[in-house]
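Each remark here refers to the structure printed beneath this line.
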């Protein structure tokens, strides 16, 4: 088939897709595809489907059955073994090569010698055009279902999460525009996308999981375990603010690169390291009856450590109008984390962020996080699955209220 979808991605914070020697030499399609798969699998798991651990290369199983993740995104060796199973779509990106591959912004918040700080390599800022071409689709599907599922993933990322690696460190907030082959804007049909995901389970080669296999997957992201928040604040002197909040921000040239004018509204405020530093401290200092609420291992799971990704993601702030900024704090709490600890994380985050209600934009209280970083958000929104709400209804609510409201 020819191109069926034109995708335009505009970055709000730098996009990182990986590269050589931990630098981003160019835009790597694998980083984009991997991120799309990660979000797709989280949604599929939430809707009762199956998505294996791709690092274990366990699909297909001994009977040739495939999980709902691999049947769409492929798996190592499948193309050679099963001629009818290969990548379901292909993205052809316009070339971009990073001329400043070694450039980085050093942000050190505390003066303690053991605090190494953060090193923010240059990602991509700008627009990317991509043509999406369907190659194949699973049993029981028709092309339109796959198109709307891809639209769902991209739309979800744009409204609530991030694209590419390092979203926990501020990268990957994007806007997405989709058009059909005639150049007309594409509207998401959420019902078609959800029905497509449900129909995957009707395949002859569908791979379900035993209870033991599901137990191993409790550490993997699933939609019902996510939380999302956005906060908006006014700041007329972003450079002055970040220099007041950080012990070291250098070099000046790189800070200017983030804050430069690319188009109105313009600029990226690289505050993720500052927010993460204070969130980590708040988690570490949390006490109940004079005992720490979170163990050392739990703190590292929440905020990451060397070789382990953070469950809590913090974006840089991006400009939404003259002097007004927005940032995202989102993440997921796996089933393997004890229930009382998941409740504690949510309750503490809501307190630190000054959350007053779930759902719509509202005026926050002066939460501890904002006090520590010297910001006063004017409005904030918070979304988490309600106790009496299934993942499908949560998904519909998220896509029905995209956090675009507010004054």
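A few points about this structure:
Yes/no matrix, rows are residues, columns are (1) surrounded by fewer than 13 Cβ atoms within 10 Å (Cβ to Cβ); (2) in contact (Cβ under 8 Å) with a residue 40 or more places away in the chain; (3) farther than 21 Å from residue 271 by Cβ; (4) not assigned by TED's automatic domain parsing to the domain that holds residue 71:
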residue	(1), (2), (3), (4)
98	no, yes, yes, no
105	no, yes, no, no
116	yes, no, no, yes
130	no, yes, yes, no
145	no, yes, yes, no
149	no, yes, yes, no
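- All of (1) crowded, with 17+ Cβ neighbours inside 10 Å; (2) touching a helix residue (DSSP H, G or I) at 6+ places or on another chain (Cβ under 9 Å) hold for residue 232 with one exception: (2).
- Annotation: of all residues in the stretch 371-386 being in contact (Cβ under 8 Å) with a residue 60 or more places away in the chain and not in a strand (DSSP E or B), the one that is surrounded by the most Cβ atoms within 10 Å (Cβ to Cβ) is 377.
For (1) farther than 20 Å from residue 41 by Cα; (2) at pLDDT below 75; (3) over 26 Å from the mean Cα position of the chain (by Cα), each residue gets a yes or a no:
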{"position": "72", "(1), (2), (3)": "no, no, no"}
{"position": "76", "(1), (2), (3)": "no, yes, no"}
{"position": "84", "(1), (2), (3)": "yes, yes, yes"}
{"position": "91", "(1), (2), (3)": "no, no, no"}
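- The set of residues in the stretch 14-50 being under 18 Å from the mean Cα position of the chain (by Cα) and part of a loop (DSSP other than H, G, I, E, B) consists of 14, 16, 17, 18, 27, 28.
- Among the residues of the stretch 319-328, the one identified as surrounded by 20 or more Cβ atoms within 10 Å (Cβ to Cβ) and either farther than 17 Å from residue 235 by Cβ or at pLDDT below 95 (or both) is 319.
- Restricting the stretch 264-285 to residues that are out of contact with any helix residue (DSSP H, G or I) (no Cβ under 6 Å at 6 or more places or on another chain) and in a loop (DSSP other than H, G, I, E, B), the residue that is modelled with the lowest pLDDT: 264
- Residue check, residue 134 modelled with pLDDT of 90 or more and either exposed (fewer than 15 other Cβ atoms within 10 Å of the Cβ) or outside the structural domain of residue 280 (by TED's automatic domain parsing) (or both): no
- Flag for residue 337 being part of a loop (DSSP other than H, G, I, E, B) and surrounded by 19 or more Cβ atoms within 10 Å (Cβ to Cβ): yes
- For the stretch 137-157, filtered to residues that are out of contact with any helix residue (DSSP H, G or I) (no Cβ under 7 Å at 6 or more places or on another chain) and within 17 Å of residue 34 (Cβ to Cβ), the residue that is modelled with the lowest pLDDT is 150.
The values are calculated or read from the model by the stated rules, or taken from the named source; none is laboratory data. Small disclaimer: the values here were computed from a predicted structure and weren't measured. Please note: Cβ atoms are built from the backbone with ideal geometry, for glycine as well, and neighbour counts cover all protein chains shown.
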